[in-house]
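Derivation of every value follows stated rules applied to the coordinates shown; laboratory data play no part. All values reported here derive from a predicted model rather than from experimental measurement. Neighbour counts are summed over all protein chains in view; Cβ atoms, including those assigned to glycine, are modelled from backbone coordinates with ideal geometry.
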Amino acid sequence: MKDFRKLAVWTKAHALALAAYCDTTRFPAEERYGLTSQLRRACVSIPTNIAEGCGRNTDAELNRFLEIAMGSASETEYLFLLAHDLKYLDDSAFHKLTLEITEIKRMLASFIGKIKADRRKLRADR
């Protein structure tokens, strides 16, 4: 079991979720149960799945939750694009959020790769 709060990727994902909540407060009221809700849920799913994976007993389970977080990150990335194209996010906010989600996806990919490499090494050592 790992402490998710000590992971740089979780810290960045948590900060992104907070930023998404702030930025979506300016979305139109009619989007409250549509895009606003969808984007918030997708974004919150990233640090949530990282945290849940850290609470599991095996690296295989952690890896599974990291891959779910990666899927949520891709969903979030698209929803930022949609919000921008609908003019709900200005260019500056969109650029900042896109840089952040891209960095989180890189970090998740690296973490997933490390876990897979460690598992392969363990099997080879047996």
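Data for the structure
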| read-out | value |
| --- | --- |
| Exclusive hit being under 11 Å from the mean Cα position of the chain (by Cα), free of Cβ contacts under 8 Å to residues at least 12 places away in the same chain and not in a loop (DSSP other than H, G, I, E, B), set G113, G71 | G71 |
| Qualifying residue in segment 93-101 (condition: under 11 Å from the mean Cα position of the chain (by Cα), touching a residue at least 40 places away in the same chain (Cβ under 8 Å) and assigned to a helix (DSSP H, G or I)) | yes |
| A42 being more than 19 Å from I115 (Cβ to Cβ), in contact with a Pro (Cβ under 7 Å, 6 or more places away or on another chain) and of a type in the set (A, V, I, L, M) | no |
| Total residues in segment 5-60, condition surrounded by fewer than 20 Cβ atoms within 10 Å (Cβ to Cβ), more than 23 Å from L79 (Cα to Cα) and not acidic (D, E) | 10 |
| Matching residues, segment 1-50, being in contact (Cβ under 8 Å) with a residue 12 or more places away in the chain, more than 16 Å from the chain's Cα centre (by Cα) and not in a helix (DSSP H, G or I) | M1, K2, D3, R26, F27, P28 |
| Any hit, segment 78-87, residues being surrounded by 15 or more Cβ atoms within 10 Å (Cβ to Cβ), free of Cβ contacts under 8 Å to residues at least 24 places away in the same chain and within 18 Å of L7 (Cβ to Cβ) | no |
